[in-house]
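The next block holds one structure in the form of structure tokens; read it before the comments.
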Amino acid sequence: TFLLYLLFIFTSCQSSHQRSFEQLESALISWYYKYHPTIATESNITSYNSQIEKYNMESIEEYKADINRFMIELSQIDETKLKVNNLVRYSVIDEFLFQKYNDLLNFESYTYSAEYQIRNLYDSLFFIIHNNDINMELKAQFCLSRLSSFLTSINNIQKKIVYYSKSDLEKSINIINAFEKMLNNLYLYINSDNITLDEIEDHVNKINKS
């Protein structure tokens, strides 16, 4: 009876760690797509198609706090009690969080390049307009929602630029030119009612002037 009791405790403990890990993994995936809506769209996850990445300091600090929280929660799971397939995923998540933590810890303002953020804005529309699984009405609505946030994002990107090299400038100019070309040709990919199209055009004009 005592041995059966010990076996029950051991099995329960293992099950508890399995559940904790699986819940953490699910929460981390949802969190990642929430903060990276463009990647979510690329992966054909539609929940965040109306959103874009946030570059304001409040969101960055919240992102840092979340990384720390996930690292603490992961450290409380005993990996020796995980099944082999979960153990592999545990290692992947551990490495991912460690890398993100170090990237944030070692960030210096002079290493910041706007090219990546501008490319995200470009991709956030590109993955919408070239997704054949999204009907035209939704494409127009998703584009309109994302366009409405672009001016704020561009302003936040500009605020963080304190230094840029010649190569940074060249890369940024190249993606800006591609971005402007896509904005000015949106009418080739989007069809909707006149009110929606007028709103899209209005946002595009404001972005081009920024």
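The values are calculated or read from the model by the stated rules, or taken from the named source; none is laboratory data. Fair warning: this is a prediction, and the values are worked out from it, not measured in the lab. All Cβ positions, glycine included, derive from the backbone under ideal geometry; neighbour counts span all protein chains shown. Side chains are part of the model used for accessible areas, which takes the heavy atoms of the whole protein and leaves out ligands, DNA and RNA. Shrake-Rupley method; radii C 1.70, N 1.55, O 1.52, S 1.80 Å.
Summary of values
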| read-out | value |
| --- | --- |
| Of all residues making up segment 155-210, the number that are part of a helix (DSSP H, G or I) and open to solvent by 30 Å² or more (accessible area, probe 1.4 Å) | 32 |
| Filter result (open to solvent by 50 Å² or more (accessible area, probe 1.4 Å) and not β-branched (Val, Ile, Thr)) within segment 64-87 | Lys64, Ala65, Asn68, Arg69, Met71, Glu73, Ser75, Gln76, Glu79, Lys83, Asn85, Leu87 |
| Any hit, segment 32-51, residues being open to solvent by less than 60 Å² (accessible area, probe 1.4 Å), out of contact with any helix residue (DSSP H, G or I) (no Cβ under 9 Å at 6 or more places or on another chain) and over 17 Å from Leu138 (Cα atoms) | no |
| Which listed residue is among the hydroxyl-bearing types (Ser, Thr, Tyr), open to solvent by less than 90 Å² (accessible area, probe 1.4 Å), more than 30 Å from Leu138 (Cα to Cα) and at pLDDT below 90, from Tyr101, Tyr110, Tyr90, Tyr55 | Tyr101 |
| Hey, Glu61 over 14 Å from Ser26 (Cα atoms), open to solvent by 60 Å² or more (accessible area, probe 1.4 Å) and at pLDDT below 90 or not | yes |
